[in-house]
Amino acid sequence: MIFGPDAAGLRVTFLSTYRGEENGSFSPRAKQWMQLLSPHVSRSLGMSYRLQDASFRIATTQAALDRIRSGVLLVDASGAVSFFNRAAGELLNATKAIGLHRRSDGRDELLCLRPAVNAALGNAIIGSLRTHSASAENFSKALHVPRGEGEPPLLLNFSPLPIENSFGIGTVSPAAIVFISDPARPLRVDEVLLRDLYRLTPTEIAVVRLACIGHTAPEIAAERGVNVETVRTQLKRVYSKTGTSSQAALVRLVYGLSSGG
């Protein structure tokens, strides 16, 4: 039973799994896997049932990414930008510090005007492409891109994508995702949804807020005045409750929940 009669506002839902008679009974290990899977199914269905407005759905397609107010770029295995959403386009048009450069093969790549920052940008992208998504517990790299005097720097976060993902079109499959955050336009974390949908505590929501603006676990610990292991434990609890497995996946979830309006 995923949702019983006591699940307020949710339809009663059962999940049944069968196997052929010739295969015999389920093994204890198979039953254990099902027990581990059930909470994730419950969270996914619960969110689907509750969230009717498409603007609140998790961004898992390019069309959905275009609804997000923060900049998102997809990068293929060659380092070329295969897609950028509307918010990223607006940020790139509004600043001269970073932009798209046409390569000799006709593809666009992300480029910074400052040589030192551009070298760091290239290394961050290459690092994301070389990191297996399953082993990336947090963002592969965070990078600040300076802008004009009096303007806060842009924050870029990079993360690898699984080989099979829903962002590709045709034969073009992105291998990494880049988030561009403008501190002048901070992300609005919908605390009510995080509390009601995922049962996050105020402390966990505070950690999520800092994680979503690119802070690492040590930075979050310093900001909150706690031990870094405490923050890592809190992040693990957040990942478990939200059905995510990395900081990148968590941020994508929060971006999707905060994309309306």
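Number of residues in the range 16-52 that are modelled with pLDDT of 75 or more and farther than 22 Å from Val238 by Cβ equals 19.
Regarding Gly168, is this residue at pLDDT below 80 and open to solvent by less than 40 Å² (accessible area, probe 1.4 Å)? The answer is yes for Gly168. Test Glu223 against the criterion of being charged (D, E, K, R) and more than 30 Å from Ser38 (Cβ to Cβ), and give yes or no. It is true that Glu223 is charged (D, E, K, R) and more than 30 Å from Ser38 (Cβ to Cβ). Can you report the number of residues in the range 141-155 which are surrounded by 14 or more Cβ atoms within 10 Å (Cβ to Cβ), in a loop (DSSP other than H, G, I, E, B) and of a type in the set (Gly, Ala, Ser)? Result for the range 141-155: 0. When the residues of the range 181-203 are narrowed to those that are in contact with a Gly (Cβ under 9 Å, 6 or more places away or on another chain), modelled with pLDDT under 85 and crowded, with 17+ Cβ neighbours inside 10 Å, which ends up nearest to Ser159 (Cα to Cα)? Checking each candidate, the answer is Ser181.
Among the residues of the range 204-232, just one is over 25 Å from Leu156 (Cα atoms), of a type outside the set (A, V, I, L, M) and surrounded by 14 or more Cβ atoms within 10 Å (Cβ to Cβ), namely Thr230. Of all residues in the range 84-99, those that are surrounded by 17 or more Cβ atoms within 10 Å (Cβ to Cβ) and not small (Gly, Ala, Ser) total 6.
The values are calculated or read from the model by the stated rules, or taken from the named source; none is laboratory data. All figures in this text were calculated on a predicted structure; none of them were measured in a lab. Cβ atoms come from the backbone with ideal geometry, glycine included; neighbour counts cover every protein chain shown. Note: accessible area is taken over every heavy atom of the protein model, side chains too, but ligands, DNA and RNA are not part of it. Shrake-Rupley method; radii C 1.70, N 1.55, O 1.52, S 1.80 Å.
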